[in-house]
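Okay, so here's the structure we're looking at.
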Amino acid sequence: MPEKTRLVVGGARRAGGRCIIPIIRALAVYGEETAAVSLTPVALLVAEGENEYLTLLPGAPPETRDIAETLRDEIEREKKKCAG
């Protein structure tokens, strides 16, 4: 069965003066007539004003920090939703 794993940006949530954006591992496994999807949070990006903090959760792939930077456009989009 072929499978595909990648990191994606989840929906931002506002908590006090902070914007919390989950980074999620999406795993899809494809069969002949079926597919299964698993979504697992691996990191939380916390934006507070101009400051950002990335907290890795247990089980996060070692390359999570590097991959999160490639998701910058999606992260910025979620930060705008959080602010508005």
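The values are calculated or read from the model by the stated rules, or taken from the named source; none is laboratory data. No experiment lies behind these values; they were computed from the predicted model shown. When we count neighbours, we look across all protein chains shown, and the Cβ atoms used for this are built from the backbone with ideal geometry, even at glycine. The area values use the complete protein model at the heavy-atom level, side chains included, leaving out ligands, DNA and RNA. Shrake-Rupley method; radii C 1.70, N 1.55, O 1.52, S 1.80 Å.
In this structure, the amide hydrogen of residue 52, modeled 1.01 Å from its nitrogen in the peptide plane, lies closer than 5 angstrom to no residue at least 5 positions away or on a different chain.
Put simply, the amide H of residue 71, placed in the peptide plane, has no neighbours under 5 Å, leaving out anything fewer than 5 places away on its chain.
Considering only 16, 39, 75, and ranking their Cα positions along the charge dipole of the chain that arises from unit charges at the beta-carbon of Lys, Arg, Asp and Glu, the one farthest toward the positive end is 16. Around the amide H of residue 57, modelled in the peptide plane, lie the amide H atoms of 43, 44, all under 5 Å away and 5 or more residues distant in sequence or on another chain. For the chain, what % of the accessible area comes from carbon and sulfur atoms, probe 1.4 Å? Roughly 52 percent, rounded to a whole number.
With all protein chains kept in place, the per residue accessible area of the chain amounts to 69 square angstrom at a probe of 1.4 angstrom. The alpha-carbon atoms of the chain, seen along their principal axes, cover 47, 27, 20 angstrom, with the largest extent given first.
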